[in-house]
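One structure is given below, encoded as structure tokens.
What follows is calculated from the coordinates using simple rules that are stated; it is not laboratory data. The shown structure was predicted, so the numbers you read here are calculated from the model rather than taken from an experiment. Cβ sites come from the backbone with ideal geometry, for glycine too, and all protein chains shown count toward neighbours.
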């Protein structure tokens, strides 16, 4: 049975925004779970997503304090619909990313990451899919704030990147 996941990273609340955008919260209601790739900044966002999502797969980021690091791992893993998935905050420089992630995560089908605020979708030489949803609250040098939706079904991965209004 297909599983639909809201995918976010780098929410930086309440520093970059006061709350998650309404579009993200609406998407949350239509999803079976959430993947968050770190830099939450506040524990209230974690509490909100844990309370409203059937399940959450999340990791801590470099801007997250001790409370979030106590509650979240550096790397979180889960198999969903035959897809071996993990989430990590930081993967290093874009140059050489695919080869580094192949070496670091040889047992995965899909790796979600954050940190850069730059959407990313690539496949490594070994077939590992790498996805970064950007940030729904802080576009940095990007034209728009973004988030993603994953649909996983019997090993199949469908990815949609959503751009939020300016």
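The packing ranking, built from the mean of other Cβ atoms within 10 Å per residue, places the peptides 74-81, 36-43, 11-18 in the order 36-43, 11-18, 74-81, highest first. Across segment 3-163, the relative contact order, built from alpha-carbon pairs under 8 Å that are at least six residues apart, equals 25 percent. Give the label of the value calculated from the structure for mean projected area of the Cα convex hull in nm², choosing from [x] 8.9; [y] 10.8; [z] 18.6. Answer by label: [x].
If you bin all the Cα-Cα distances of segment 13-106 at 5 Å, starting from zero, the percentages per bin are 3, 12, 20, 23, 20, 13, 8, 1. Relative to the current alpha-carbon distance between residue 30 and residue 122, full extension at 0.36 nm per residue lengthens the span by 30.5 nm. Beta bridges per DSSP, both residues in segment 3-163: antiparallel share near 60 percent. Would segment 121-166 count as rounded, prolate or oblate if I go by the C-alpha gyration tensor, calling it rounded below 1.5 in a/c and otherwise prolate when a/b exceeds b/c, oblate otherwise? Oblate, because a/c is 1.5 or more while a/b does not exceed b/c. Centre-to-centre separation between the Cα atoms of segment 15-44 and those of segment 141-159: 14 Å. Compared with the alpha-carbon gap, the fully stretched path from residue 93 to residue 62 is longer by 9.7 nm at 0.36 nm per residue.
The share of C-alpha pairs in segment 77-166 whose separation exceeds 19 Å stands at 39 percent.
Per-residue extension of 0.36 nm, minus the Cα-Cα distance of residue 81 and residue 52, leaves a gain of 8.3 nm for this segment.
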